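The values are calculated or read from the model by the stated rules, or taken from the named source; none is laboratory data. The structure presented is a predicted model; accordingly, all values stated were derived computationally and were not measured. FYI the Cβ positions are ideal-geometry reconstructions off the backbone, even for glycines, and counts take in every protein chain you see.
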DNA sequence: GTCTATACGATGATAGAC
DNA sequence: GTCTATCATCGTATAGAC
């Protein structure tokens, strides 16, 4: 999954990129508030102050627009400092920006739980990701490639963390870092879904903490 | 969540229930193949060999039809013997039908993993549940109550199992049965999602087994 | 009760003029 | 690039036959 970063801009069409960014902001707002299916292109166009056809000129299909929103979010999240604007991809970026080593036992648990709690303030966006990731599994969905890459990125990021913990002797015996990494991603997604349905009854951070306490040893494992 | 079992049939309209069942089968097939949004009512009507108006006569809205499909599935699953036709609700029903105690350490792990492997044969249906459960989190979705009840049922079923394990001294110290139960549901949902995206790279049963091995002790914990 | 025919408003998408 | 106009399809509603 080699990321081509940014589509080529053939000339100094600064106005176009600005317009696109403006549209993406409007679309992000509409999708987060109403969801993907409930939010219409006409509403996005109205929010952006342009016509529907002008919108579809920049983004031919609704799904193209959606994917552009998601990718824009990833770029913003990677560059941002506050955890609230990111979801999970920027955990590593945050560590890097803070001058910490990219992986390692120090702070992994704290950073993860902080991100989990920050997510509680953006239930609309969490729900959007939940719906989209599930929808993307259906045949030939255009968002499929995005979510395959997203899950792959998350798994490898957590894999780094768990391997660093193992080298520090802080991984419980018998725990496979690979399984632990994908399980952490899965647990997070799943418990967020339950939280979305019953926010007052489910504590996402508590579940993640319990899982990490099962996998990570408080003291180095001397053998 | 008191279940009123079956809507009242005022008279001996056997033809109506038969027709409804026929429609539900067609709708189930269409939704599982195309998803909820992509599958249209006209396609369901065509599949069932009836007119669109006749379809909407029996099920006024698309969401009514969907909920009826889900409930029909639950009834079938509870009455069926093969695990392949059920998802997870029928774990207890299976144990009951097999003459086993409803909860207890014996066979819980095996039954769970068998169900996980059986689910691999029905990816379309797993994807449907994944999409619907995520969609139901959006505001005032008619499927919301169903999935709230479904998650509640699953959690309490697993809670019974983990509490029985704890009484048998086979639960790891520090493990909260409540957290373990909701975590198991969450892990299952989440890892199934990753499996739907990359079936060849993700082993659902292996992840569930690894989690249970973390929580459940192979030998009674003598203290 | 059961079924059909027809039509309405909204949606995503397209074609062509300026 | 931006617009107006138009299209097929969607879920839904209504009127009425047997």
(message) Of all residues being within 13 Å of another protein chain (Cβ to nearest Cβ) and within 20 Å of residue B:54 (Cα to Cα) in segment B:26-35, which is nearest to DNA strand C (Cβ to nearest atom)? Just the residue, please.
(response) B:30
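Every residue, every condition in (1) under 20 Å from the mean Cα position of the chain (by Cα); (2) modelled with pLDDT of 85 or more; (3) surrounded by 18 or more Cβ atoms within 10 Å (Cβ to Cβ); (4) under 25 Å from residue A:132 (Cα atoms), yes or no:
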position: A:6; (1), (2), (3), (4): yes, no, no, yes
position: A:9; (1), (2), (3), (4): no, no, no, no
position: A:18; (1), (2), (3), (4): no, yes, no, no
position: A:26; (1), (2), (3), (4): yes, yes, yes, yes
position: A:35; (1), (2), (3), (4): yes, no, yes, yes
position: A:68; (1), (2), (3), (4): yes, yes, yes, yes
position: A:91; (1), (2), (3), (4): yes, no, yes, yes
position: A:108; (1), (2), (3), (4): yes, yes, yes, no
position: A:112; (1), (2), (3), (4): yes, yes, yes, yes
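I'd like to verify a number: residues in segment B:44-66 that are over 21 Å from residue B:130 (Cβ atoms) and either away from DNA strand C (no atom under 12 Å from the Cβ) or surrounded by fewer than 17 Cβ atoms within 10 Å (Cβ to Cβ) (or both), how many?
Within segment B:44-66, residues that are over 21 Å from residue B:130 (Cβ atoms) and either away from DNA strand C (no atom under 12 Å from the Cβ) or surrounded by fewer than 17 Cβ atoms within 10 Å (Cβ to Cβ) (or both) number 12.
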(message) Looking for something over 21 Å from residue B:134 (Cα atoms) and either within 14 Å of another protein chain (Cβ to nearest Cβ) or at pLDDT 90 or above (or both) - is there at least one such residue anywhere in segment A:77-87?
(response) no
(request) Assess whether residue A:146 counts as being under 26 Å from residue B:214 (Cβ atoms) and more than 9 Å from chain B (Cβ to nearest Cβ). (result) no
(message) Just the residues that are facing chain A (nearest Cβ under 9 Å) and either over 28 Å from residue A:201 (Cβ atoms) or under 21 Å from the mean Cα position of the chain (by Cα) (or both), please, taken from segment B:210-223.
(response) B:211
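Condition check ((1) touching a residue at least 60 places away in the same chain (Cβ under 8 Å); (2) within 8 Å of DNA strand D (Cβ to nearest atom); (3) within 14 Å of another protein chain (Cβ to nearest Cβ)) across all residues:
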position	(1), (2), (3)
B:39	no, yes, yes
B:43	no, yes, no
B:46	no, no, no
B:51	no, no, no
B:58	no, no, no
B:66	yes, no, yes
B:69	no, no, no
(request) Give segment B:196-220 a look and list any residue that's out of contact with any strand residue (DSSP E or B) (no Cβ under 9 Å at 6 or more places or on another chain), assigned to a helix (DSSP H, G or I) and free of Cβ contacts under 8 Å to residues at least 60 places away in the same chain, or say none. (result) B:197, B:206, B:207, B:210, B:211, B:213, B:214
(message) Condition first: touching a helix residue (DSSP H, G or I) at 6+ places or on another chain (Cβ under 6 Å) and assigned to a helix (DSSP H, G or I). Now tell me which residues in segment A:129-145 satisfy that.
(response) A:130, A:131, A:133, A:134, A:135
(request) Taking residue A:160 as meeting all but one of (1) surrounded by 19 or more Cβ atoms within 10 Å (Cβ to Cβ); (2) more than 21 Å from residue B:152 (Cβ to Cβ), write down the number of the exception. (result) (1)
(message) Just to verify a result, which residue in segment A:169-184, among those that are without any contact (Cβ under 8 Å) to a residue 24 or more places away in the chain and in a loop (DSSP other than H, G, I, E, B), is surrounded by the most Cβ atoms within 10 Å (Cβ to Cβ)?
(response) A:176
(message) For segment A:17-37, which positions are more than 11 Å from DNA strand D (Cβ to nearest atom) and not in a helix (DSSP H, G or I)?
(response) A:35, A:36
